[in-house]
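The values are calculated or read from the model by the stated rules, or taken from the named source; none is laboratory data. Keep in mind that what you see is a predicted model, and the values were worked out from it rather than measured. With ideal geometry, Cβ positions are generated from the backbone for all residues, glycine too; neighbour counts draw on all protein chains shown. The accessibility values were calculated without ligands, DNA or RNA, using every heavy atom of the protein model including side chains. Shrake-Rupley method; radii C 1.70, N 1.55, O 1.52, S 1.80 Å.
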Amino acid sequence: MRITSIDAYQIYDSRGNPTVETVVTLEDNTRGIGIVPSGASTGQFEALELRDGDLSRFRGNSVFRAIKNVNTEIAGRLRGMDVFDQAGIDGAMVELDGTGNKSRLGANAILSVSMAVANAAAGSRQVPLYQYLSDNEGYLLPLPEIQIIGGGAHANWRTDIQDFLIIATGAQTYGETLEITHNIYHAAGDILKERGKYYGLADEGGYWPEFSTNEAILEFIIEAITQAGYSPGTDVCISLDIAASDLYDGKTYRFNLDNRTFTTDEFVDLITEWCRSYPIISIEDPMADTDWSGWKKICRSAGHKTQIIGDDLFTTNLKRIQQGIDQKAANAVLIKLNQIGTVSETIEAIKFTQKAGWLPVVSARSGETEDAFISHLAVATNAGQLKVGSFARSERMVKWNEVIRIERQLGDRARFPGAKIYDKIFF
Ligand code: 2PG
Ligand code: MG
């Protein structure tokens, strides 16, 4: 089934920033759409998001060059190709770009086409995207990791740590995870309102933080879990995205909230102590993306009972994941399509992670769209976990809701292992 035309144009993400949308049309007139998200706490090893930098338009944030690259060079190369050859198409774009980090054509240009191709192919076969992308026997519904408080780069640095999230470890079904989250999210909002500390929402829908220490937020999350009627550490656990690259100056880690600095060893000790004192089951980016020795240490001290996820450390990049596996630097990998820039490479990264006995966590970006591609990706690959921000705002809810729709379609073919997935990495 041949690609007949490709059309890219500028639309806007959940922060109102320009992004690329591409429509791929096939000879049977099927159309597939690809929309690209955008990060704020981006890792230095990510594929390059091409922005125009022309301050007279969209404060430098327009993506007209990326769009032109799709409509000229990429369209010229891909027209006539077989839409079912996702790997061939993605490979052709990588080759056409010619750089190691997709900086010539732009990862946003390339990814929008790659996602649109997958959607068009699924549409042409008249199957849902998760089915088209899958080569599994059965399907796993993901365990959600859902934000309650959003800080760091997503809340103008009102806290040092970026995400305070919960994982409904006691839930027996996907639906139950959402019910538990609903109850805790709103209990947390009630407590903040009662105390006159409700300051609205951060970029991913979690509450805007007004706390004087990071530890106070951990205590607050426990309070919200308890107030909602659940038992912390059994029904529900805490998960953190420290986004530590943003706290690191190459030598020390710094908390601005309470004015503390830490060497690598001191920071490892602090996080290890948190894992002992609070019901924390998962920590993302506990150390900076250049601090490999810190990663190895935190894994040794907490990795036997805590999921240690590399986001900025790995940037969904196979070579970096391999390096992490060799060095025993983590036990899980955050998976973001636009960190690497094609659907094929993203799926490869997931499979590679799983083969190593580690856990993939499929993730959204802080700048999101109305697209639910990642919900399908998580189910298609049996990733087991999904992180898309909080339990509010439609660019987040569209992804949680899509899993409900998929669950209904799958019926008996869907399984929800929930927190049992951690048996693979805990010892
Ligand atoms: C992260 C993401 C999502 P951003 O750090 O994991 O929370 O943030 O998209 O800004 O990189
Ligand atoms: Mg992160």
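Here are the numbers:
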| read-out | value |
| --- | --- |
| Options SER41, SER14: the member that is within 16 Å of ligand 2 (Cβ to nearest atom) and in contact with a helix residue (DSSP H, G or I) (Cβ under 6 Å, 6 or more places away or on another chain) | SER41 |
| Meets criteria (touching a Ser or Thr at 6+ places or on another chain (Cβ under 6 Å) and under 18 Å from PRO142 (Cα atoms)) for PHE391 | yes |
| Unique match (being modelled with pLDDT of 95 or more, within 16 Å of ligand 2 (Cβ to nearest atom), β-branched (Val, Ile, Thr) and farther than 27 Å from PHE220 by Cα) among THR342, THR315, THR306 | THR315 |
| Listing of helices (runs of 4 or more DSSP H) fully contained in the stretch 329-427 that carry 2 or more residues being among the β-branched types (Val, Ile, Thr) | 343-355, 373-380, 394-410 |
| From the options ILE298, ILE271, ILE309, ILE281, residue that is within 16 Å of ligand 1 (Cβ to nearest atom), crowded, with 18+ Cβ neighbours inside 10 Å and on the phi < 0 side of the Ramachandran plot | ILE309 |
| So SER38, is it touching a Lys or Arg at 6+ places or on another chain (Cβ under 8 Å), over 30 Å from ASP82 (Cα atoms), surrounded by 20 or more Cβ atoms within 10 Å (Cβ to Cβ) and not basic (Lys, Arg) | no |
| Tabulated pairs, the stretch 138-152, first hydrophobic (A, V, I, L, M, F, W, C) and buried (at least 24 other Cβ atoms within 10 Å of the Cβ), second outside any strand (DSSP E or B) and at pLDDT below 95, C-beta under 7 angstrom, 6+ apart or interchain | ILE149/PRO209 |
| Residue match in the stretch 217-235 (condition: open to solvent by 60 Å² or more (accessible area, probe 1.4 Å) and touching a residue at least 60 places away in the same chain (Cβ under 8 Å)) | yes |
| Qualifying position, being within 16 Å of ligand 1 (Cβ to nearest atom) and either in contact (Cβ under 8 Å) with a residue 24 or more places away in the chain or not assigned by TED's automatic domain parsing to the domain that holds ALA202 (or both), among SER14, SER114 | SER14 |
| Identity of the residue in the stretch 236-256, assigned to a strand (DSSP E or B) and among the charged types (D, E, K, R), that ends up surrounded by the most Cβ atoms within 10 Å (Cβ to Cβ) | ASP241 |
| Checking GLU46 against (1) more than 13 Å from THR342 (Cα to Cα); (2) part of a loop (DSSP other than H, G, I, E, B); (3) among the charged types (D, E, K, R), the condition it does not meet | (1) |
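Yes/no per residue for (1) of a type in the set (Gly, Ala, Ser); (2) away from ligand 1 (no atom under 16 Å from the Cβ); (3) closer than 30 Å to GLY100 by Cα; (4) surrounded by fewer than 20 Cβ atoms within 10 Å (Cβ to Cβ):
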site: TYR207; (1), (2), (3), (4): no, no, no, no
site: GLU215; (1), (2), (3), (4): no, yes, no, yes
site: ASP258; (1), (2), (3), (4): no, yes, no, yes
site: ASP285; (1), (2), (3), (4): no, no, yes, no
site: ASP289; (1), (2), (3), (4): no, no, yes, no
